[in-house]
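**Q** I am attaching a structure below and will ask some questions about it afterwards.
The values are calculated or read from the model by the stated rules, or taken from the named source; none is laboratory data. For clarity, every value in this text was computed on a predicted model and none was experimentally measured. Cβ placement follows ideal geometry from the backbone for every residue including glycine, while neighbour counts extend to all protein chains displayed.
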Amino acid sequence: MSRTQTNRDDRIELRATGDEKRLLTAAAAYERLDVTSFVMRAVLPAAREVLERAERIALSKRDTLRVLDLLENPPAPTPALLAAARRRVARG
């Protein structure tokens, strides 16, 4: 069976039916992998995709132009922002 180069010291418990376990074990054997490697090979790309989708902000062209405009021409600070800055400076 294939061994990975990474030490896997953390554990994740996974509950499965007997049929699911037999299916995973058989599929892993056909791929010449242990069940852990077989499962990790399948789920890690899916997990990365979920995180990328959740953490990405997609702006419309209009919103992108608005953000760029605000970065180039920031609005004047509001009275509330100025007061917060003064309180922060006063606290040291």
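**Q** Does the range 44-57 contain any residue that is more than 30 Å from residue 6 (Cα to Cα) and among the hydrophobic types (A, V, I, L, M, F, W, C)?
**A** Yes, the range 44-57 contains at least one residue that is more than 30 Å from residue 6 (Cα to Cα) and among the hydrophobic types (A, V, I, L, M, F, W, C).
**Q** Select from the range 11-41 the residues that are modelled with pLDDT of 95 or more and of a type in the set (A, V, I, L, M, F, W, C) and list them in ascending order.
**A** Correct list: 16, 23, 24, 26, 27, 28, 29, 33, 35, 38, 39, 40.
**Q** Give the residue that is nearest to residue 6 (Cα to Cα), with candidates limited to residues of the range 16-41 that are part of a helix (DSSP H, G or I) and of a type in the set (Asp, Glu).
**A** Selected residue: 20.
**Q** Among the residues of the range 41-85, write down those that are acidic (Asp, Glu), closer than 30 Å to residue 27 by Cα and either surrounded by 10 or more Cβ atoms within 10 Å (Cβ to Cβ) or in contact with a Phe, Trp or Tyr (Cβ under 8 Å, 6 or more places away or on another chain) (or both).
**A** Scanning the range 41-85 gives a single hit, 49.
**Q** Could you list all residues from the range 15-39 that are in contact (Cβ under 8 Å) with a residue 24 or more places away in the chain and surrounded by 11 or more Cβ atoms within 10 Å (Cβ to Cβ)?
**A** Within the range 15-39, 33, 34, 36, 37, 39 meet the criteria.
**Q** Determine, yes or no, whether residue 88 is of a type outside the set (A, V, I, L, M, F, W, C), in a helix (DSSP H, G or I), surrounded by 10 or more Cβ atoms within 10 Å (Cβ to Cβ) and out of contact with any strand residue (DSSP E or B) (no Cβ under 6 Å at 6 or more places or on another chain).
**A** No; evaluated as a whole, the condition is false for this residue.
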